[in-house]
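Before any comments, here is the structure.
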Amino acid sequence: MKDAVLQLNGICKGFFGVQVLYDISLDLFEGEVLGLVGENGAGKSTLMNIVGGVLPSDAGTMKLGGREYKPQSPQTATQAGISFIHQELSLFTNMSVAENIYIDGYPTGLFGRVDKKKMYQEAGKYLEKYHVDVKNPGVQVGELPMGSRQMIEIIKALVKETKILIFDEPTTSLSNREKEILFETIGELKKNGISIIYISHILEDVLKLSDRISVLRDGHIIETKKAQEWSRESLIRDMVGRSLKQVYPTIEKTTGSKVLYSINHVSCAGLVKDVSIELHEGEILGVFGLMGAGRSELVRAAFGVDPMESGSVTIGGKEYARPTPSDCIQEGMAFITENRREEGLMMPKSVNDNIAMVMERNLTGKFGVIDSRKEQELTGNVIAAMGIKTADPKSQPVNSLSGGNQQKVVIGKWVATNPKIFIVDEPTRGIDVGAKYEIYKLLLKLAAEGAAILFISSEMEELMGMCDRILVMKDGSLAGSIEKAEFSQETLGRMAL
Ligand SMILES: Nc1ncnc2c1ncn2[C@@H]1O[C@H](COP(=O)(O)OP(=O)(O)OP(=O)(O)O)[C@@H](O)[C@H]1O
Ligand SMILES: [Mg+2]
């Protein structure tokens, strides 16, 4: 076998006395894809931050191309040939696509000047090559949907001279087509001798793409083997430390006849066209559709986050033509958005503060003062129920939680408000298999107690496993409704296309 391009030897890392990585040794070979999997909070991103020069290690050494490698910053890592596509997008929303792609520098011309015109042309070529749906590289990133932003983040890494590429959950907002393009690109990069570390909770993808896979659990490398020697089951067993037999929990529940919430002939800005939905007590109603079908736009309008052009919603018998989020919350609704990091969290605040935020009404005592003992109790319950991994909920800012644990905070804080109607948009994105099961269980339990859930997802399997009925959206309209007995990938796919 060839020598490793990157060697990690005995890497250790802790934060404020909490050990996160223990004695990690790993080799990465030329032209291989090394998959890295593990539960939320296992230490995957932290390890990659050390490789990518974002964080220093506490102990251990690294070698790049046989020479000692000790990056002082992300820039030195880039110069050494390591590019890192982060779990959280690092684009500047107020800058153009081209400026973002070449943020680390566009090659300068004769007089040390950047030829802007050429830079925009080059950027345009990349957008075309990777089939990104952006007509003009001059458009501001903030105006683009999440899928395109994620592709731009990837292109930003591809334009650099790179020997090693790190992907940390790169596909969370990608459509199937974009994902295919990404996987083809990874295949080409491999052929050119580029080495890749690929992190994802979608184990099927990791199994398909990787040459070898390492499992990280609680900061320890459990095992590294050839991809053929792993299966979904054995990966899960090593990740979680026990085997998980079921993907979807079995909880008895029935759908009542009472309509708790309805969307009445809602249209918005060409993206949603005259959609009506009735959501019943105890029902889990799925909404499937391809990227851009208008699912998120619909529910954002239905919760009053974005304006609707026409139509109304009826919550608990009351009709709202111009609902606001606070109306909806008052009426006992909860909305778990797809952009949880941006919309759902106060980043520098502690885990407790974030959870308590939407519960304030329930926590305020007679004199309008927050009852801090009650707050402790409630936040403690949420942390336990969701299995949120935090060193100290009172002081740890949410932005230092792992990506998946941030998601759990958002879901947990809504559940704590005891809502009767839930809108959940891609609730398990970025969440590990074990925690997914817990979230499914929680949603099913809520429905069994009479809550109504509108469940949006791009994963057919998940919808088929969880829902009583699935609506299919296409080009902003409802294309059909399928009952549980008729669920199949074919029917769903056919309606969505
Ligand atoms: N700056 C920090 N301060 C304190 N703790 C941190 C910091 N960064 C990470 N941690 C902790 O380190 C642990 C590992 O986090 P990491 O982000 O590496 O997990 P991960 O494997 O990437 O998880 P996920 O799948 O959820 O993205 C977590 O418990 C997290 O809270
Ligand atoms: Mg991570």
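The values are calculated or read from the model by the stated rules, or taken from the named source; none is laboratory data. Values in this document were obtained by computation on a predicted structure and should not be read as measured data. Note: ideal-geometry Cβ built from the backbone for every residue, glycine included; neighbour counts use all protein chains shown. Protein only, heavy atoms only, side chains kept; ligands, DNA and RNA dropped before computing areas. Shrake-Rupley method; radii C 1.70, N 1.55, O 1.52, S 1.80 Å.
Yes/no per residue for (1) within 23 Å of the chain's Cα centre (by Cα); (2) open to solvent by 10 Å² or more (accessible area, probe 1.4 Å); (3) farther than 21 Å from Met473 by Cβ:
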site	(1), (2), (3)
Ser296	yes, yes, no
Ala301	yes, no, no
Asp306	yes, yes, no
Gly311	no, yes, no
Lys318	no, yes, yes
Arg322	no, yes, yes
Cys328	no, no, no
Glu338	yes, yes, no
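So which residues in segment 472-496 are open to solvent by less than 10 Å² (accessible area, probe 1.4 Å) and either under 26 Å from the mean Cα position of the chain (by Cα) or touching a residue at least 60 places away in the same chain (Cβ under 8 Å) (or both), if there are any at all? Talk me through it step by step, then tell me what you get.
Let us first name the residues in segment 472-496 that are open to solvent by less than 10 Å² (accessible area, probe 1.4 Å), namely 472-473, 476, 482, 492, 496.
Matches in segment 472-496: Val472, Met473, Gly476, Leu492, Ala496.
Yes or no: segment 399-418 includes at least one residue that is open to solvent by 40 Å² or more (accessible area, probe 1.4 Å), within 16 Å of ligand 2 (Cβ to nearest atom) and touching a strand residue (DSSP E or B) at 6+ places or on another chain (Cβ under 9 Å).
Going through segment 399-418, the residues open to solvent by 40 Å² or more (accessible area, probe 1.4 Å) turn out to be 399-400, 418.
If we keep only those that are within 16 Å of ligand 2 (Cβ to nearest atom) as well, we get 399-400.
Next, from what is left, pick out any that are touching a strand residue (DSSP E or B) at 6+ places or on another chain (Cβ under 9 Å): 400.
Yes, segment 399-418 contains a residue that is open to solvent by 40 Å² or more (accessible area, probe 1.4 Å), within 16 Å of ligand 2 (Cβ to nearest atom) and touching a strand residue (DSSP E or B) at 6+ places or on another chain (Cβ under 9 Å).
Any residue in segment 133-155 that is touching a strand residue (DSSP E or B) at 6+ places or on another chain (Cβ under 8 Å) and either at pLDDT below 90 or within 16 Å of ligand 2 (Cβ to nearest atom) (or both)? Give the derivation first.
At the first step, the residues of segment 133-155 found to be touching a strand residue (DSSP E or B) at 6+ places or on another chain (Cβ under 8 Å) are 137-141, 153-154.
Narrowing further to those that are either at pLDDT below 90 or within 16 Å of ligand 2 (Cβ to nearest atom) (or both): 153-154.
Yes.
Would you pick out the residues in segment 21-33 that are away from ligand 2 (no atom under 16 Å from the Cβ) and either of a type in the set (Phe, Trp, Tyr) or within 27 Å of Gly193 (Cα to Cα) (or both)? Break it down stepwise before answering.
Filtering segment 21-33 for residues away from ligand 2 (no atom under 16 Å from the Cβ) gives 22-23, 25-33.
Correct list: Tyr22, Ser25, Leu26, Asp27, Leu28, Phe29, Glu30, Gly31, Glu32, Val33.
Yes or no: segment 70-90 includes at least one residue that is of a type in the set (Lys, Arg) and touching an Asp or Glu at 6+ places or on another chain (Cβ under 8 Å). Outline the logic, then answer.
Taking segment 70-90 first, the residues of a type in the set (Lys, Arg) are 70.
Still in the list and also touching an Asp or Glu at 6+ places or on another chain (Cβ under 8 Å): none.
No: zero hits.
Taking the options Lys117, Lys70, Lys44, Lys63, name whichever one is in contact with a Phe, Trp or Tyr (Cβ under 7 Å, 6 or more places away or on another chain) and of a type in the set (Lys, Arg). It would help to see each step written out before you state the result.
Values: Lys117 fails: in contact with a Phe, Trp or Tyr (Cβ under 7 Å, 6 or more places away or on another chain); Lys70 fails: in contact with a Phe, Trp or Tyr (Cβ under 7 Å, 6 or more places away or on another chain); Lys44 fails: in contact with a Phe, Trp or Tyr (Cβ under 7 Å, 6 or more places away or on another chain).
That would be Lys63, the only listed residue that is in contact with a Phe, Trp or Tyr (Cβ under 7 Å, 6 or more places away or on another chain) and of a type in the set (Lys, Arg).
Pick from segment 284-304 the residues that are part of a strand (DSSP E or B) and β-branched (Val, Ile, Thr): which of them is nearest to Gly256 (Cα to Cα)?
So in segment 284-304, the residues part of a strand (DSSP E or B) come out as 284-289.
Narrowing the set further to residues that are β-branched (Val, Ile, Thr) leaves 284, 287.
Details: Ile284: 11, Val287: 19 Å.
Filtering segment 284-304 for residues that are part of a strand (DSSP E or B) and β-branched (Val, Ile, Thr), the one nearest to Gly256 (Cα to Cα) comes out as Ile284.
For Glu449, are the conditions met, namely being surrounded by fewer than 19 Cβ atoms within 10 Å (Cβ to Cβ) and out of contact with any Leu (no Cβ under 8 Å at 6 or more places or on another chain)?
Working: surrounded by fewer than 19 Cβ atoms within 10 Å (Cβ to Cβ): yes; out of contact with any Leu (no Cβ under 8 Å at 6 or more places or on another chain): yes.
It is true that Glu449 is surrounded by fewer than 19 Cβ atoms within 10 Å (Cβ to Cβ) and out of contact with any Leu (no Cβ under 8 Å at 6 or more places or on another chain).
How many residues, within segment 173-209, are within 16 Å of ligand 1 (Cβ to nearest atom) and within 23 Å of Ile50 (Cα to Cα)? Walk me through it before giving the result.
The first filter runs over segment 173-209 and keeps only residues within 16 Å of ligand 1 (Cβ to nearest atom), leaving 173, 197-203, 205-206.
From what's left, within 23 Å of Ile50 (Cα to Cα): 197-201, 206.
Residues meeting the conditions: 6.
Of all residues in segment 199-215, which are in contact with a helix residue (DSSP H, G or I) (Cβ under 6 Å, 6 or more places away or on another chain) and within 16 Å of ligand 2 (Cβ to nearest atom)?
Ile199, Ser200, Leu203, Val215
Which helices (runs of 4 or more DSSP H) sit wholly inside segment 1-119 and have at least 1 residues that are of a type in the set (A, V, I, L, M), open to solvent by less than 40 Å² (accessible area, probe 1.4 Å) and within 16 Å of ligand 1 (Cβ to nearest atom)?
Numbers: elements: 44-51, 74-79, 97-101.
The helices (runs of 4 or more DSSP H) meeting that bar are 44-51.
Considering only segment 81-113, state which residues are among the aliphatic types (A, V, I, L, M), over 14 Å from Ala123 (Cα atoms) and under 29 Å from the mean Cα position of the chain (by Cα). Show your work before the answer.
Going through segment 81-113, the residues among the aliphatic types (A, V, I, L, M) turn out to be 82, 85, 89, 91, 95, 97-98, 101, 103, 110.
Next cut, over 14 Å from Ala123 (Cα atoms) only: 82, 85, 89, 91, 110.
Residues satisfying the conditions are Ile82, Ile85, Leu89, Leu91.
Do we have Lys13 as within 16 Å of ligand 2 (Cβ to nearest atom), within 19 Å of Ile221 (Cβ to Cβ) and either touching a residue at least 40 places away in the same chain (Cβ under 8 Å) or out of contact with any Cys (no Cβ under 7 Å at 6 or more places or on another chain) (or both) here?
yes
For residues that are open to solvent by 30 Å² or more (accessible area, probe 1.4 Å) and in contact (Cβ under 8 Å) with a residue 12 or more places away in the chain, scanning just segment 344-357, find the one that is farthest from Val398 (Cα to Cα). Steps first, please.
Keep residues of segment 344-357 that are open to solvent by 30 Å² or more (accessible area, probe 1.4 Å), which gives 346-349, 353, 357.
Next, only the ones that are in contact (Cβ under 8 Å) with a residue 12 or more places away in the chain stay: 346-349, 357.
On the way: Met346: 8, Met347: 6, Pro348: 6, Lys349: 6, Met357: 13 Å.
Within segment 344-357, the match that is farthest from Val398 (Cα to Cα) is Met357.
Keeping to segment 120-134, report how many residues are of a type outside the set (Asp, Glu), open to solvent by 40 Å² or more (accessible area, probe 1.4 Å) and closer than 23 Å to Glu180 by Cα.
First, the residues of segment 120-134 that are of a type outside the set (Asp, Glu): 120-121, 123-127, 129-132, 134.
Still in the running and open to solvent by 40 Å² or more (accessible area, probe 1.4 Å): 120-121, 125-126, 129, 131.
Among the residues that remain, those that are also closer than 23 Å to Glu180 by Cα are: 125-126, 129, 131.
Going through segment 120-134 one residue at a time, the tally reaches 4.
Report, by residue number, each residue of segment 40-51 that is modelled with pLDDT of 95 or more and either more than 15 Å from ligand 2 (Cβ to nearest atom) or of a type outside the set (Ser, Thr, Tyr) (or both).
Of everything in segment 40-51, those that are modelled with pLDDT of 95 or more and either more than 15 Å from ligand 2 (Cβ to nearest atom) or of a type outside the set (Ser, Thr, Tyr) (or both) turn out to be Ala42, Gly43, Lys44, Leu47, Met48, Asn49, Ile50, Val51.
Would you confirm whether any residue within segment 430-452 is modelled with pLDDT under 90 and closer than 20 Å to Gly289 by Cα?
yes
If you take the residues of segment 372-389 that are open to solvent by 30 Å² or more (accessible area, probe 1.4 Å) and closer than 19 Å to Glu438 by Cβ, which of them is farthest from ligand 2 (Cβ to nearest atom)?
Filtering first and then ranking leaves Leu378.
Assess whether Thr61 counts as being of a type outside the set (Lys, Arg) and farther than 19 Å from Ser400 by Cβ.
yes
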